[in-house]
Amino acid sequence: MEGYGVDEAVIALKLKDASNWWHDINESTLWQDRIFHILAALYGLVAAVALVQLIRIQLRVPEYGWTTQKVFHFLNFLVNGVRGFVFVFRRDVQNLHPEIVQHILLDMPSLAFFTTYALLVLFWAEIYYQARAVSTDGLRPSFFTINAVVYTIQIGMWLILWWKYIPVLVVLSKVFFAGVSLFAALGFLLYGGRLFLMLQRFPVESKGRRKKLQEVGYVTTICFLCFLVRCIMMCFNAFDKAADLDVLNHPVLNLIYYLLVEILPSSLVLFILRKLPPKRGITQYHPIR
């Protein structure tokens, strides 16, 4: 019995030390700046990779305009570049007034991230319906309409908060974005899953079938989990002060969150989709008109 008591005391002491470690880092100005600068560097690296890939695609197929692939990489560069810039000046951002300016700078890249990966869902939906000889005329208008509605609602809430700060509306804004993230996750599950199952039915000897199957499967899984985790975390962020991401004294939580929902997924997707398009005779290379 005495042995059990000693073991419990040791475990309690270790848990207390772990809690103190977490608290010490969160309250340390030095560690806050270090973690935010690490995030800035990681975002800068992802932005640079996206830009290099965009340049490579342009050099490979200069005769094409703004294709879906080019827009996707450009948006990745833009989102990660802006996010990295915000984290470089994270402490200054926290001191901006009115407070709504802070929310705009921290949340706008998240909206752009949604648009970036919704574009990938659009591309897959077009491929899926074209392969089934179904009209895709309504897909692009739907894509632009959905994005317009999302941005209009979010900007509307920001304008109200700018006019009068209402704490309940801040919570509602976070819940709204959790819903948007869930919508994106379901979009990947629906069209990524459909495309994956369709590719599975192709003849085994089909050229590039296995590689394309793996590509769609990996990207669907990564993006579905990414947006699902974001949805769950945004719900905690809305209702639990301990999970607040918009403050300086939660740097470890920020590091874990942004690694899981933006940096790691973006890095993996850019790596998986690194293959350059053929120079001529493209049948699945869709320019945005």
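The values are calculated or read from the model by the stated rules, or taken from the named source; none is laboratory data. This is a predicted model, so every value here is computed, not measured. Cβ placement follows ideal geometry from the backbone for every residue including glycine, while neighbour counts extend to all protein chains displayed. Just so you know, the surface numbers come from the protein's heavy atoms only, side chains and all, with ligands and any DNA or RNA stripped out. Shrake-Rupley method; radii C 1.70, N 1.55, O 1.52, S 1.80 Å.
Below is a table of values for the structure above.
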item	result
Subset tally (residues that are open to solvent by 10 Å² or more (accessible area, probe 1.4 Å) and more than 19 Å from Arg230 (Cα to Cα)) for the range 94-117	8
Options Ser173, Ser206: the member that is hydroxyl-bearing (Ser, Thr, Tyr), closer than 23 Å to Trp158 by Cα and either at pLDDT below 95 or not in a helix (DSSP H, G or I) (or both)	Ser173
Given (1) of a type outside the set (S, T, N, Q); (2) within 20 Å of the chain's Cα centre (by Cα); (3) surrounded by fewer than 18 Cβ atoms within 10 Å (Cβ to Cβ), number of the condition Ala125 does not satisfy	(3)
Every pair of residues 6+ apart whose Cβ atoms lie under 8 Å, when the first sits in the range 129-144 and is free of Cβ contacts under 8 Å to residues at least 24 places away in the same chain and under 20 Å from Gly193 (Cβ atoms) while the second is open to solvent by less than 80 Å² (accessible area, probe 1.4 Å) and assigned to a loop (DSSP other than H, G, I, E, B)	Tyr129/Thr136; Gln130/Thr136
So Ile160, is it modelled with pLDDT of 95 or more and open to solvent by 40 Å² or more (accessible area, probe 1.4 Å)	no
Counted residues, the range 58-92 - those being within 22 Å of Ile263 (Cα to Cα) and not in a loop (DSSP other than H, G, I, E, B)	23
Residue count, the range 168-203 (criterion: open to solvent by less than 20 Å² (accessible area, probe 1.4 Å) and aromatic (Phe, Trp, Tyr))	2
Residue in the range 69-83 that is over 15 Å from Leu248 (Cα atoms), at pLDDT below 90 and either hydroxyl-bearing (Ser, Thr, Tyr) or open to solvent by 60 Å² or more (accessible area, probe 1.4 Å) (or both) present	no
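One line per residue, one yes/no per condition, for (1) at positive phi; (2) free of Cβ contacts under 8 Å to residues at least 40 places away in the same chain; (3) surrounded by fewer than 15 Cβ atoms within 10 Å (Cβ to Cβ); (4) not basic (Lys, Arg):
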site	(1), (2), (3), (4)
Cys235	no, no, no, yes
Ala242	no, yes, yes, yes
Val247	no, no, yes, yes
Tyr257	no, yes, no, yes
Ile263	no, no, no, yes
Ser266	no, no, no, yes
Leu270	no, no, no, yes
Leu273	no, no, no, yes
Leu276	no, no, yes, yes
